[in-house]
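Only one structure is covered here, and it is reproduced in the block below.
The values are calculated or read from the model by the stated rules, or taken from the named source; none is laboratory data. These figures come from a predicted structure and were not determined experimentally. So basically every Cβ, Gly included, is an ideal-geometry build from the backbone, and we count neighbours across all protein chains shown.
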Amino acid sequence: MKKRIGAVLSRREFARRAALLSATSVVSPAAMLDLPSAGGGDYQVDAGGPKLSPEGQAEASARYQQVLSLYGERLNDEQKTRVKKMCAELQPALDHIRSYELENGNAPALYLKPLYEREKRQQSTSANGKP
Amino acid sequence: MLKESLLYASVGELAKQIESKQLSPVELTESYLERSEKLGSRLNAYARLTPTVALEQAKIAEKEIRRGHYRGPLHGIPYAAKDLLAVKGIPTTWGAKTYADQVFDYNAAVIEHLKNVGAVMLGKAAMIELAGGMGYTFASASLQGETKNPWNTTCWTCGSSSGSGAIVAAGLAAFAIGTETWGSIVCPSAFCGVSGLRPTYGRVSRRGAMALSYSMDKIGPMARSAEDCARIFAAIAGHDPLDRSTLPVDRAAFTYSPAADLKSRPLRIGWLTNAWKEVDPSVKKALDAAHKALAQHFPSVREASLPEGPWEDAANVILSTEVSSAFSGLIRSGRVNELTDPRGQIAGYVNLTISGADYNTALRLREILQGKMTELFDSYDVLAAASLPLPATPLNLDLDKGLSFPDPLGGIGNLCGLPALSVPCGFTEKKLPVGLQFVAKAGDDMAVLQAGKIFQQHTDWHRKHPTLN
């Protein structure tokens, strides 16, 4: 029977995972991802991988550690290598969306329905001649 | 068996003959079934054929029509449904081994709509496992194996509506239903040389369809022409009180009448200059000819460009997060390892780590982008570009290497829920189809259908068919 991850965790298991996760903040990110350090500049994951800033690399490393701590037992070495690569590849997308300047009032779009409802409201407001 | 030319006839042409009782729905169904049995397995096009259901529905249709109760243009017309749409009592595998024995006790809303207008379901179309939501590296990422392209069986159909594309292109059914979260109707339509409509988000109920990305999944028709797509779309569109993502009644419904000629209006076309970074030379020739044809037959064709920004990344973050939630149980239980594709087996673990803050940021970017696209559509009714910058790829290609490139139009279109139509616009020297894509503002599905219809009135690419022995 396969072990169910995602079921209720025991206190000891929770503590073990928490320790693993918190360890990411003291271990060198480059060491965790086995990546060469570029000495303060950008980091290169591998020949074909994305260039990451030290912060980006730290985050990708933490992400990788999180996957390992939760699901590492079921991954073989090849899969771990791929997961590591995917963690690094995800980072530029996250950095990119975070870099876009959003204002506090920029709310999330959920479905299109609100978009139409807004249009309707605008139409009825202008029809009434009110601001 | 009926002659091949009839099996490649459009829904409109078949409907005329059925309505006038010159063509028997039963005979038509038997012919498609026979052809599907013969060629379907060679192409890996079907997840399963459902001859008992098909013949039962065809006999009912025939009886009704004989009695003078003609339901409309899809009455007695055979079709295939992507295997992520629930059909009562018949396995719905979602293209994945894990769900090979899954059977629902109800029909998806789309299946129900098509049943109500008298269409005949021939079978379930093969698809990429879980519609590709977990990521995939190879065309073989499917319970049925790789679907072969009828134009060249050493090439792929694209995914995830792989079977739907192959079935229409090979003349195994009059039309098929596909779904798109990002590219899954447009890409197979282009690779297979068929017409495919990705409707505005929320116009077609997804009740009973596998959920991949709750805010991006759409269901649409793949058929022989833009006009056929309009007919089928009219049958499946509409508000569904049981699917809260559907648009209100007045926004969701779509009516089509050939007499109204798709409510013709002069369309302003924006020819996109930044839809693709590079276009393969084999595609460029057909695309240039399509551009010329548009300039000849539309009152205004001007260059246009998509807004720059992190839109594709936002779409990726939303999709990855929503799919990891939709299949959280599969991932956390480890059963995701049963998927065929090496990427699909592990990508979910990475996606689960995306934070709520990043997901929300992506949703906020969607709002910004919707505003920018609304502004762009003040100047154009329809945007046009190549559906894909290259033709069908080899079956064994590593997709990470050969079919992985920026797709701002796909990202933007799907992030904002915009309608798109892919129509064939020529061939490469190796006789592989090339697709032309039209995109319009949310809710203006009529504009892309009208653009496609006008284009097809002046070209005959949609009437070309592969030679299959």
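Residues that are touching a residue at least 60 places away in the same chain (Cβ under 8 Å) and farther than 18 Å from B:Pro221 by Cα number at least 2 in the following helices (runs of 4 or more DSSP H) confined to the stretch B:1-117: B:25-35, B:51-66. Checked against the criteria, B:Leu383 counts as within 19 Å of B:Asp288 (Cα to Cα), outside any loop (DSSP other than H, G, I, E, B) and modelled with pLDDT of 95 or more. I'm trying to understand the selection: among the residues of the stretch B:118-130, which are in a loop (DSSP other than H, G, I, E, B) and in contact with a strand residue (DSSP E or B) (Cβ under 7 Å, 6 or more places away or on another chain)? Answer for the stretch B:118-130, where residues must be in a loop (DSSP other than H, G, I, E, B) and in contact with a strand residue (DSSP E or B) (Cβ under 7 Å, 6 or more places away or on another chain): B:Ala119, B:Ala126, B:Met127.
If B:Arg366 satisfies every condition in (1) charged (D, E, K, R); (2) touching a residue at least 12 places away in the same chain (Cβ under 8 Å); (3) surrounded by fewer than 20 Cβ atoms within 10 Å (Cβ to Cβ); (4) closer than 28 Å to A:His96 by Cα but one, which is the exception? The one condition B:Arg366 does not meet is (3). Residue under question is B:Ser264, and the condition is that it be touching a Pro at 6+ places or on another chain (Cβ under 8 Å) and either in contact (Cβ under 8 Å) with a residue 24 or more places away in the chain or within 14 Å of another protein chain (Cβ to nearest Cβ) (or both); does it hold? Considered against the rule, which asks whether it is touching a Pro at 6+ places or on another chain (Cβ under 8 Å) and either in contact (Cβ under 8 Å) with a residue 24 or more places away in the chain or within 14 Å of another protein chain (Cβ to nearest Cβ) (or both), B:Ser264 comes out as no. Residues of the stretch B:376-386 that are more than 14 Å from chain A (Cβ to nearest Cβ) and either free of Cβ contacts under 8 Å to residues at least 40 places away in the same chain or over 24 Å from B:Ser264 (Cβ atoms) (or both): B:Ala386 alone. Here B:Ala211, B:Ala230, B:Ala226, B:Ala275 are screened, and the one residue that is touching a helix residue (DSSP H, G or I) at 6+ places or on another chain (Cβ under 7 Å), touching a residue at least 24 places away in the same chain (Cβ under 8 Å) and surrounded by fewer than 21 Cβ atoms within 10 Å (Cβ to Cβ) is B:Ala211.
Could you check the stretch B:293-319 and list, in sequence order, the residues that are in contact (Cβ under 8 Å) with a residue 60 or more places away in the chain, away from every other protein chain (no Cβ under 12 Å) and assigned to a helix (DSSP H, G or I)? Passing the criteria: B:Ala293, B:Leu294, B:Gln296, B:His297. The residues of the stretch B:377-428 that are buried (at least 21 other Cβ atoms within 10 Å of the Cβ), polar (S, T, N, Q) and under 21 Å from B:Asn152 (Cβ atoms), listed by number, are B:Ser387, B:Ser422. Report yes if B:Gln345 is within 8 Å of another protein chain (Cβ to nearest Cβ) and at pLDDT below 95, otherwise no. No: the conditions fail for B:Gln345.
Within the stretch B:325-342, how many residues are assigned to a helix (DSSP H, G or I) and away from chain A (no Cβ under 12 Å)? Count: 2. Picking from residues in the stretch A:54-75 that are more than 14 Å from the chain's Cα centre (by Cα) and facing chain B (nearest Cβ under 10 Å), the one that is farthest from B:Ser333 (Cα to Cα) is A:Leu68. Scanning the stretch B:174-187 for residues that are over 23 Å from B:Ala385 (Cα atoms) and either touching a Ser or Thr at 6+ places or on another chain (Cβ under 7 Å) or of a type in the set (Asp, Glu) (or both) gives B:Ala176, B:Ile177. Annotation: B:Ser404 fulfils all but one of (1) in contact (Cβ under 8 Å) with a residue 60 or more places away in the chain; (2) part of a loop (DSSP other than H, G, I, E, B); (3) within 29 Å of B:Leu369 (Cβ to Cβ); the unmet one is (1).
Scanning the stretch B:21-61 for residues that are surrounded by fewer than 23 Cβ atoms within 10 Å (Cβ to Cβ), touching a Ser or Thr at 6+ places or on another chain (Cβ under 8 Å) and either more than 23 Å from B:Ala96 (Cβ to Cβ) or at pLDDT below 95 (or both) yields one hit, B:Leu55.
One residue stands out in the stretch B:348-375 among those that are more than 7 Å from chain A (Cβ to nearest Cβ) and within 25 Å of the chain's Cα centre (by Cα): the one that is farthest from A:Ala60 (Cα to Cα), namely B:Thr374.
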